[in-house]
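Participant: What follows is a single structure, and I will ask about it in a moment.
The numbers here are math on the coordinates, done by the rules we state, and not lab data. This is a predicted model, so every value here is computed, not measured. Cβ: placed from backbone, ideal geometry, glycine included. Neighbour counts: every protein chain shown.
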């Protein structure tokens, strides 16, 4: 059973001027991340605007990344939703070459903790692939409590990790302290990656890694190796850009950073809109500052 650790990047989905999936930009992004030293790719998570893509477009995005990746890095594919039956049906159509699944806790319905557990139990029984549970209360409207995550980890053997984006470090530490052997904890908050890994987490599934794969992977890998001075320097270099990326929603901010690097454009799909001119100007300034700080490291 494959384990996921280090830096995973929740890839954006580039769109062209007409609003269609930009395959060229997607291929460029794939190579940008691989060359930047990331450890695995996450396709069609929230950052990939999966909620606004058709089934055909999702297949096209996945096929494009898999083709360009050509087996170089593990690929995790986002398959989640608020209807357990639909999720399990979608799992039956996963193509060969996908290494794992990222599955968000059911949103909008606001199930009880028992309902969340039963959802993941059925999902885990529907595939042989390793699954990463994704807890993001700010989007789903319900928190997967630590005891529920631990119950899933104990009873659903192919659920091998949790992407924890509750922002609650005490909850995260409870999971780390009581998890079964082999169950990984991954940060779902870029700004909290350093403290979470200091507490024992194995890595992160990142947004900022789209724009700064080399620097963020350096931070993550230095933490794992105990090189704390270098890790802290990278953390504080990226802290303000991280805040700017999320100031007006995701992935609007990170696409502005990627456009500055000429990786892909800034086009989003409604109801998402581009960031304000004020934030756009701030992002341009922050990107310059990061370049200067990296050069001085």
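Participant: Please go through the stretch 247-262 and give me each residue that is surrounded by fewer than 18 Cβ atoms within 10 Å (Cβ to Cβ) and part of a helix (DSSP H, G or I), ordered by number.
Facilitator: 260
Participant: Let me confirm something: among 295, 244, 284, which residue is surrounded by 15 or more Cβ atoms within 10 Å (Cβ to Cβ), in a helix (DSSP H, G or I) and at negative phi?
Facilitator: 244
Conditions tested, residue by residue: (1) over 24 Å from residue 50 (Cβ atoms); (2) touching a residue at least 24 places away in the same chain (Cβ under 8 Å); (3) surrounded by fewer than 18 Cβ atoms within 10 Å (Cβ to Cβ).
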residue: 101; (1), (2), (3): no, yes, no
residue: 113; (1), (2), (3): yes, yes, yes
residue: 131; (1), (2), (3): no, yes, no
residue: 138; (1), (2), (3): no, yes, yes
residue: 147; (1), (2), (3): yes, yes, yes
residue: 154; (1), (2), (3): yes, yes, yes
residue: 170; (1), (2), (3): yes, no, yes
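Participant: Name the residue that is surrounded by the fewest Cβ atoms within 10 Å (Cβ to Cβ), counting only residues in the stretch 188-201 that are over 17 Å from the mean Cα position of the chain (by Cα) and not in a helix (DSSP H, G or I).
Facilitator: Filtering first and then ranking leaves 200.
Participant: Applying the selection to the stretch 26-47, what residues are touching a residue at least 40 places away in the same chain (Cβ under 8 Å) and either crowded, with 20+ Cβ neighbours inside 10 Å or in contact with a strand residue (DSSP E or B) (Cβ under 8 Å, 6 or more places away or on another chain) (or both)?
Facilitator: Scanning the stretch 26-47 gives 26, 29, 32, 33, 37, 38, 39, 40, 42, 45, 46, 47.
Participant: Could you list, in sequence order, all residues of the stretch 212-229 that are surrounded by fewer than 21 Cβ atoms within 10 Å (Cβ to Cβ) and either in contact with a strand residue (DSSP E or B) (Cβ under 6 Å, 6 or more places away or on another chain) or touching a residue at least 60 places away in the same chain (Cβ under 8 Å) (or both)?
Facilitator: Matches in the stretch 212-229: 214, 221, 224.
Participant: Which one of the conditions (1) within 26 Å of residue 210 (Cβ to Cβ); (2) touching a residue at least 40 places away in the same chain (Cβ under 8 Å) does residue 66 fail to meet, given that it meets all the rest?
Facilitator: Condition (2) is where residue 66 drops out.
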